[in-house]
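This report concerns only the one structure given below.
The values are calculated or read from the model by the stated rules, or taken from the named source; none is laboratory data. What you are looking at is a predicted structure, and each value in this text was computed from that prediction instead of being measured. For neighbour counting, all protein chains shown are included, and Cβ atoms are generated from backbone atoms with ideal geometry for every residue, glycine included. Areas reflect the complete protein model, heavy atoms only, side chains present, ligands, DNA and RNA absent. Shrake-Rupley method; radii C 1.70, N 1.55, O 1.52, S 1.80 Å.
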Amino acid sequence: MNYLAKKRTKANVYSEKKYQIANVYRIFFARFFDLLILAIPWVILNATWKSTPGDWLPIIVLVTSSFLATIVYFVIIPYWTKGNTLGKLLFQIRLKQKGKGKPDFLPLLFRESYFLLIPWFLAFLFQVITILIFQSTTKDKETADAIWMLVFLKNIGFLFYGLWLFFVGMSIKFQKNHQASVDLKYGVYVVYKEEFHGWSKPNKDKLITNQETHVSLKEQPGNFNEDQIEEIQNIDKEGEKNE
């Protein structure tokens, strides 16, 4: 099954494909909305949990919960809802896999690993390195000088995460079907939710009869149907007889 729909141009005013590729801006805003929803529990937990520098428990809880929430929201939910998330429902788009009724589990997992989990893991790795260095420098009297290095290492992880998402976003925007490399491999498309039945092909050779109305006119002055013409002819014949 082919999910690509031709763009409507002067040379191509109809299509017989089943699904139309979603607009790239809908894709980005739907993903942004999903990330906002996913971040709400993490922000609340991070704001209410008072922890001290070098404490591992908050890090473990936040990392574990973030990982599980990402898998549930972006993999399990789309798998059971045929490619939908709250963001995609809001913007009327969904995921489709070529030749499948719904996306398979592994393509969804690999997709989100490429989008979120790999950069997230590397950013987390920098956080771990920062904590280890902090713990090793707490015994040193010159900890003030080490703070700048810790801040730098911590921000490298966030910077890498942001650059990764930017690169993925640009690669999707400039790909003709708005697919990431992992989507190309598994035949996954982001399409509009409703099936695309195609534009009607205009028939320029069709003749308009007296029984039809032209699209540009609600009423056609001077256009008579067969009954009216027959009635007029009868009136003329009666007039001739009277004469």
Residue check: is Leu86 modelled with pLDDT of 90 or more, under 20 Å from Phe32 (Cβ atoms) and open to solvent by 80 Å² or more (accessible area, probe 1.4 Å)?
yes
Going through segment 89-147 in order, the residues found to be surrounded by fewer than 19 Cβ atoms within 10 Å (Cβ to Cβ), of a type outside the set (A, V, I, L, M, F, W, C), touching a helix residue (DSSP H, G or I) at 6+ places or on another chain (Cβ under 6 Å) and at pLDDT 80 or above are Tyr114
Among residues of segment 148-194 being open to solvent by less than 20 Å² (accessible area, probe 1.4 Å) and farther than 24 Å from Pro103 by Cα, the residue modelled with the highest pLDDT is Gly157
Counting only residues that are open to solvent by less than 70 Å² (accessible area, probe 1.4 Å), of a type outside the set (D, E, K, R), at pLDDT 90 or above and closer than 19 Å to Val72 by Cβ, segment 1-56 contains a total of 3
